[in-house]
1. When both residues are 6+ apart or on different chains and their Cβ atoms are under 6 Å apart, which pairs have a first residue that lies in segment 215-234 and is under 24 Å from GLY246 (Cα atoms), and a second that is charged (D, E, K, R) and at pLDDT 85 or above?
2. Out of everything in segment 210-265 that is of a type in the set (Phe, Trp, Tyr) and in a loop (DSSP other than H, G, I, E, B), what residue ends up being modelled with the lowest pLDDT?
3. How many residues are of a type in the set (Gly, Ala, Ser) and either free of Cβ contacts under 8 Å to residues at least 40 places away in the same chain or surrounded by 15 or more Cβ atoms within 10 Å (Cβ to Cβ) (or both) if we restrict to segment 146-156?
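The values are calculated or read from the model by the stated rules, or taken from the named source; none is laboratory data. Values in this document were obtained by computation on a predicted structure and should not be read as measured data. For neighbour counting, all protein chains shown are included, and Cβ atoms are generated from backbone atoms with ideal geometry for every residue, glycine included.
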Amino acid sequence: MVDDASKLSGVVAGATEAESLPPVADRDAFHAELDELRVREKAHTREGDAIAAARRRLPMVEVDANTELIGESGPTTLLAAFQGRRQLLAYYMMWYPGRPADEQCEGCTWNNTQTAEMSYLESRDITYAVLCQGPYDESRRYRDFMGWTMPWYSAQASLETLLVGRAIGSMHIVCYLRDGDRVFETYWTTGRGVEAMDINYRLIDLTVWGRQEPWEDSPAGWPRGWGVKEPADPRTRFDGGFRANGRPIAQWSRIAAGRSDDLTGNA
């Protein structure tokens, strides 16, 4: 039996017990190796700056500003989603229509749980919004269950226009620029590129055991329980790196708080 505390933390007792530890060194030896690593970290930071500079020099492509979205008040447009700001950073959330909350995208849940404070984006004239790839009413109930406050739209009817040439159904970040009443797409990314919005992985990567996922290059004996999709005992399943015990990890605290995860509107 998995207790509630384990569910809430996303950790099952014994599942990540380490078999090995790093070697022990004195302070001078530790700093000597850390100094060598710091050279690589600084080079990585500078390369990231150079890539960002190149990203700012990409051409842009015009998008129909009147492309339809569905929002809180019904039909609206991509232009309106800017909320008067010059830039729009849109997260295209994966959605499984008609499926319950616990079967919705764990990766998109992981990502959007980290977007509670928008003032810093807004200070740079950027609106962050979710353009869900499913129906509005159903997906908006999920937003409310999770306690998110970002602007929320359904882009379901316009995905062929907005994601032309890309995999509809996959998570994407797309950046837009507004020039008066005209809208331009300036950048997009998918897959691991979406980790740009992820502070949790950034912090986890600093720790000695890292993400604890099987694909990582870690020393022998390091814990690797996360990311294992089908362990022998389904009561302790992790369902990949973003789930614990059959649900996206962040849902457990909402359930414990008594929030309804019913997406049908019948609760």
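1. Listed by first residue and then by second, the contacts come to TRP226/GLU213; GLY227/GLU213.
2. Across segment 210-265, the extreme among qualifying residues is PHE238.
3. 2
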